[in-house]
Amino acid sequence: MDYTPRGVCSQQIHFDIVDHRVTNVSFRGGCNGNLQGISRLIEGMDVDEAISRIEGITCGFKTTSCPDQLAQALKEAAGK
């Protein structure tokens, strides 16, 4: 799935969900090192677990963040 995040530096988030697990996470734009780290940390994680860990994270003065936007994308993809 490709998701266009809102209110953050990254321009696109790509991921797949296979057997209710998050795979192939990648970001275009944003803080490259941090986003690679997040992508690797949630690789293979249960969708619900990933959402619960990263939803609500903020970035500086923003009310959202790239991880929070990933959680929103996962929720949308999982029909939550």
query = Inside the range 37-50, can you point out the residues that are surrounded by fewer than 20 Cβ atoms within 10 Å (Cβ to Cβ) and aliphatic (A, V, I, L, M)?
reply = Leu41, Met45
request  = Quick one: in the range 1-21, of everything that is open to solvent by 80 Å² or more (accessible area, probe 1.4 Å) and among the acidic types (Asp, Glu), which residue is farthest from Ala71 (Cα to Cα)?
outcome  = Asp19
request  = Determine which single condition Val25 fails, assuming it passes every other condition in (1) on the phi > 0 side of the Ramachandran plot; (2) within 11 Å of the chain's Cα centre (by Cα).
outcome  = (1)
remark   = Residues in the range 64-76 that are of a type outside the set (S, T, N, Q) and open to solvent by 50 Å² or more (accessible area, probe 1.4 Å) total 2
request  = Would you mind finding the one in Asn34, Asn24 that is in a strand (DSSP E or B), open to solvent by 30 Å² or more (accessible area, probe 1.4 Å) and not charged (D, E, K, R)?
outcome  = Asn24
task = Go through the range 46-70 and count every residue that is more than 17 Å from Ile13 (Cβ to Cβ) and assigned to a helix (DSSP H, G or I).
result = 3
request  = Kindly provide the set of residues from the range 51-63 that are surrounded by fewer than 18 Cβ atoms within 10 Å (Cβ to Cβ) and within 13 Å of the chain's Cα centre (by Cα), ordered by number.
outcome  = Ser52, Arg53, Glu55, Gly56, Ile57, Thr58
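The values are calculated or read from the model by the stated rules, or taken from the named source; none is laboratory data. Everything numeric here is computed off the predicted structure, so don't read it as measured data. Every residue, glycine as well, gets a Cβ built from its backbone with ideal geometry; the counts of neighbours run over all protein chains shown. Heads up: the accessible areas ignore ligands, DNA and RNA and are worked out on the full protein's heavy atoms, side chains in. Shrake-Rupley method; radii C 1.70, N 1.55, O 1.52, S 1.80 Å.
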